Every structure is written in structure tokens, then in C-alpha cells.
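Nothing in this text is a laboratory measurement; each read-out follows from the coordinates by a stated rule. Computed from a predicted structure; not experimentally measured. Don't worry about glycine lacking a Cβ; one is built from the backbone with ideal geometry, like all the others, and counts go over all protein chains shown.
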Amino acid sequence: MNKKIIATTSLAGCFGCHMSILDIDERILDLIELVEFDKSPIDDIKKFTQPVDIGIIEGGCCNSENTQILKYFRENCKILVSLGECAIMGGLPAMRNGIPIQECLNEAYLDGPTVQENHEHIIPNDEELPLLLDKVYPCHEVVKIDYFLPGCPPRADLIWNALYALITENPMEMPYEVVKFD
Amino acid sequence: MEGPINKIKISLDGKTIFAPKGSTIVEAARENGIYIPTLCHFEGTDPKACCRICTVKINNRLMTSCTTPIAEGMEIESNSAELNDLRKSIVELLFVSGNHFCPTCEKSGNCELQALAYRFKMLVPRFPYSFPRKEVDASSPKIIKEQNRCIACKRCIKTIRDEKGRHYFAYKNRGQHLEVVLDPVLGAAMPDDLARKAMENCPVGSILYKEKGFDEPIGTRKYDKQPIGSEIENQS
């Protein structure tokens with residue numbers, strides 16, 4: 001059997017979901033027999049080098065760079081998986097949704113109780129910086145997502161079961177204890 | 001088949017069961033070890049039937065089983081793919097209409113809305129998130145009223161009252177602006193036991209007892225290992 005090609009990325013996430021991928025423990029030795037990693041923070045490959053079978057997305061879209069990468073993944077991956085609460089519903093970054101963006105920036109850079117030494121009242125706006133979106137978007141509201149694995153982080157068993165099912169093209173096992181939102 | 005005295009015969013999902021006259025379909029099902037999901041209903045209070053989770057089919061019509069009394073020979077359909085999908089969509093609508101951030105919620109693991117989502121295997125809501133802007137009322141010394149998570153089930157309004165019968169909580173505004181608010185005068189002097197009871201009776205994490213949270217480790221909370229309703233299904 002040819003090895004499946006996997007790519008992963010972390011958008012507006014905390015890398016906790018990637019840590020949970022590593023939490024599959026010794027099964028990582030089985031995984032590496034079954035798959036090859038392409039673009040991913042795990043191997044630090046920055047650009048896709050080949051068509052990818054399974055793309056794993058951690059985090060939602062909070063800025064223009066996130067949406068660009070997400071669309072780049074959609075173009076290059078046959079299957080896209082939203083991994084974790086942030087990819088599925090925006091997660092903690094989405095707590096700013098509902099609050100106008102100017103209000104958020106003022107709180108962060110001008111008026112917040114922990115703001116110090118910003119005497120010129122600068123709100124960072126360099127063209128090198130990705131543009132903040134009006135709110136944090138769940139990935140499936142930006143591109144088509146094929147599968148969703150909830151959790152904060154998703155349990156390692158859930159990730160393993162899902163990956164194993166996708167790689168071997170079998171139905172997935174979803175015991176009650178492994179599908180959790182926290 | 002003749003049934004026990006004072007009990008009437010109904011058929012639930014093709015199974016013949018007996019229950020006392022006057023019971024609602026939810027009560028009759030529970031007595032017979034069959035779980036019909038409920039959310040806004042709180043045992044010991046009058047049912048309100050606002051969440052519609054308990055919807056069943058009687059003679060091909062959709063009815064709320066928490067308010068409908070049983071009648072002789074009634075044929076009820078509850079645990080079908082169609083009805084469970086309808087129930088799941090109600091849970092999904094509740095998730096997208098508020099701000100339900102489970103990872104940061106004190107009630108996570110003990111939350112009935114979350115438990116229903118687990119039971120119906122909700123992985124992602126099929127509706128777009130609305131992310132409404134809501135306020136947090138922390139004015140009471142005993143509790144926090146977290147409006148982001150409120151599902152307006154009315155359980156706190158019905159069950160939390162003082163010795164004179166005065167309500168601590170009340171509805172404010174109408175339609176999509178409807179909110180459950182805490183009476184500022186009564187809330188300022190809320191007794192400790194009532195504050196704990198308010199948190200307990202809230203199905204979600206909208207009423208929080210102050211200065212305590214996250215005291216149960218993941219894996220030991222109410223719905224970590226067993227789905228909601230399994231305590232009814234597993235009885236004898």
C-alpha cells in the first residue's frame with residue numbers, strides 16, 4: 001500500500017491540538033509506517049511538495065493569513081479535517097466575536113489596564129502584518145471541510161481512530177468517552 | 001393484555017407499557033426505563049415545553065411529551081432516526097444562537113445541553129454561528145449570571161424563590177432580545193444554599209456559584225463516561 005500523504009497546520013490555535021496528535025504515544029511508530037508528512041509544523045516543510053490526501057487544520061481564521069493558508073490547504077488536500085474547537089467554532093479567539101474590532105484593538109493597545117509605555121497611542125497597522133478579520137471564523141464557514149474532530153484538545157484516541165479510519169478507508173470507531181468538547 | 005389496576009396501556013416505539021393515569025408521556029416512559037430527552041423541563045415543576053427536545057410523534061403529529069398526558073391505547077413514536085435528528089437540530093440551534101465556549105465553561109462535563117450534543121453525536125452544528133454580544137452580570141455577591149450561555153429555559157425562574165415566594169429571576173424583553181435576569185435587590189442578599197441550588201438547577205453554565213469552579217477533574221464529571229439518560233435506561 002502506498003503511504004498516504006498528510007499535511008497539518010495551526011491557524012488561530014495554540015498548538016494544543018498538535019500536541020494531542022503527539023499524544024498518540026507509541027502508535028506514532030505505526031502511523032509513520034502508514035503516512036508521510038508533507039507541509040506541517042512537525043517537519044517544518046513550508047510549501048506543499050505533492051498532492052496531499054489528508055489535511056488537518058487546527059485553529060479558526062482570525063486574520064487574512066489564516067484564510068490564505070486555509071484556502072491553500074483546500075486546493076492541495078483531497079480531505080480536510082477540522083481538528084479541535086477553534087477550527088470548528090472559533091474557540092477562545094472567537095470570544096472577541098460580537099465586539100467591534102476597533103473596541104478590541106483599543107482595549108489591547110490603548111485603554112486596557114495592562115497597557116504600558118504606548119505613549120504615541122500606536123495601534124500596529126504595518127502592511128507586513130496580516131489584516132485582522134471582523135471576527136474569528138470557523139474553518140467550515142471559509143472553505144468546505146470534510147470531517148470534524150471536536151475537543152480542546154481532541155482526545156488522542158479520537159485523532160488516532162479518525163486517522164486510522166481515513167488511512168485504511170474503514171468506518172471510524174467513536175466511543176462515547178472520546179468525543180468531548182473540552 | 002390486561003394491565004395492573006389504575007394503570008393505562010400505551011405503546012411506545014412498538015413496546016407496550018403501563019403507567020398511572022394522569023402521567024405525562026415523559027413520566028410514563030421514565031417509569032418504564034425509557035429515556036425521552038428533556039432540557040427545559042425540571043422534575044417537580046410544571047412543564048413549559050419551550051425547548052421542544054422531548055418532541056414525539058403521536059398519530060403522526062408532533063407533540064411535546066413533557067406536557068402531553070397519556071391516554072389509553074396511545075401509540076407514540078420517540079426513538080426514531082427522524083425524531084432524533086430533529087432533536088439534534090434543536091441542540092445545534094441552541095449552540096449557534098448563544099456563545100457556548102465549552103473549553104472555558106465551569107459547567108462543562110455537567111452541562112445538560114452539552115450532554116445532549118454528546119448523546120446525539122453532534123460534531124459541528126449544521127447552522128452558522130451568530131456570536132451575539134451578551135453581558136455578564138456579576139453584581140450579586142453569590143452568583144454570576146452569564147448571559148452568553150443562557151438558553152432561557154425558565155428553570156431558575158420556576159425553582160429559585162425566597163420564603164415569601166418571590167422570584168429571584170425573571171424574563172426581560174421579548175423575542176430575540178429575551179433575557180433571564182437576576183433581581184438586583186433580592187440577588188444582593190441571596191442566601192448561600194439558594195445560590196448553590198440555582199447553579200445546580202441551571203442546565204447550562206449560565207448561573208455560576210461565585211469563587212468556585214473547575215473543582216471536578218475531567219473524567220469524573222457527570223457526563224464524562226455515561227450519556228445523559230443512561231441512568232434511566234440502566235435502571236433494573
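In the stretch A:143-151 there is no residue that is assigned to a helix (DSSP H, G or I) and surrounded by fewer than 11 Cβ atoms within 10 Å (Cβ to Cβ). Residues in the stretch B:124-157 that are among the hydroxyl-bearing types (S, T, Y) and within 12 Å of another protein chain (Cβ to nearest Cβ): B:Y129, B:S130.
Here A:E107, A:E117 are screened, and the one residue that is more than 10 Å from every other protein chain (Cβ to nearest Cβ), of a type outside the set (F, W, Y) and on the phi > 0 side of the Ramachandran plot is A:E117. Taking helices (runs of 4 or more DSSP H) as the structural unit, those lying wholly within the stretch B:6-123 and holding at least 1 residues that are within 14 Å of chain A (Cβ to nearest Cβ) correspond to B:81-97, B:112-119. Among the residues of the stretch A:129-142, the ones that are in a loop (DSSP other than H, G, I, E, B) and closer than 25 Å to B:P132 by Cα come to 3 in all. Out of the residues in the stretch B:30-46 that are out of contact with any helix residue (DSSP H, G or I) (no Cβ under 8 Å at 6 or more places or on another chain) and surrounded by 15 or more Cβ atoms within 10 Å (Cβ to Cβ), which is nearest to B:I160 (Cα to Cα)? It comes out as B:E31.
Looking at B:E179, is it among the charged types (D, E, K, R), at positive phi and away from every other protein chain (no Cβ under 14 Å)? Criteria not met by B:E179. For the stretch B:47-78, the candidate set comprises residues that are in contact with a Leu (Cβ under 9 Å, 6 or more places away or on another chain) and under 22 Å from B:K7 (Cβ atoms); within that set, the residue that is surrounded by the fewest Cβ atoms within 10 Å (Cβ to Cβ) is B:E75.
Of all residues in the stretch A:99-120, those satisfying the criterion of being part of a loop (DSSP other than H, G, I, E, B) and exposed (fewer than 10 other Cβ atoms within 10 Å of the Cβ) are A:P113, A:T114, A:Q116, A:E117, A:H119, A:E120.
If the condition is being within 12 Å of chain B (Cβ to nearest Cβ), of a type in the set (V, I, T) and part of a helix (DSSP H, G or I), then the stretch A:152-182 contributes only A:V178. Residues of the stretch A:60-90 that are over 21 Å from A:L163 (Cβ atoms) and in a loop (DSSP other than H, G, I, E, B): A:G90 alone. For the stretch A:90-102, a residue qualifies if it is β-branched (V, I, T) and more than 9 Å from chain B (Cβ to nearest Cβ), and exactly one does: A:I101. Which of the residues spanning the stretch A:75-89 are crowded, with 17+ Cβ neighbours inside 10 Å and either more than 7 Å from chain B (Cβ to nearest Cβ) or within 27 Å of A:K4 (Cβ to Cβ) (or both)? If the condition is that a residue be crowded, with 17+ Cβ neighbours inside 10 Å and either more than 7 Å from chain B (Cβ to nearest Cβ) or within 27 Å of A:K4 (Cβ to Cβ) (or both), then A:N76, A:C77, A:L80, A:V81, A:S82, A:L83, A:G84, A:E85, A:C86, A:A87, A:I88 are the ones that fit.
Looking at the structure I just gave you, is A:K47 exposed (fewer than 14 other Cβ atoms within 10 Å of the Cβ) and part of a strand (DSSP E or B)? Here the answer is no, as A:K47 does not meet what is asked. Inside the stretch B:134-146, residues that are out of contact with any helix residue (DSSP H, G or I) (no Cβ under 9 Å at 6 or more places or on another chain) and surrounded by fewer than 18 Cβ atoms within 10 Å (Cβ to Cβ) make up a count of 1. Scanning for something hydroxyl-bearing (S, T, Y) and either touching a residue at least 24 places away in the same chain (Cβ under 8 Å) or within 14 Å of another protein chain (Cβ to nearest Cβ) (or both), does the stretch A:133-140 turn up at least one residue? Yes, because at least one residue in the stretch A:133-140 is hydroxyl-bearing (S, T, Y) and either touching a residue at least 24 places away in the same chain (Cβ under 8 Å) or within 14 Å of another protein chain (Cβ to nearest Cβ) (or both).
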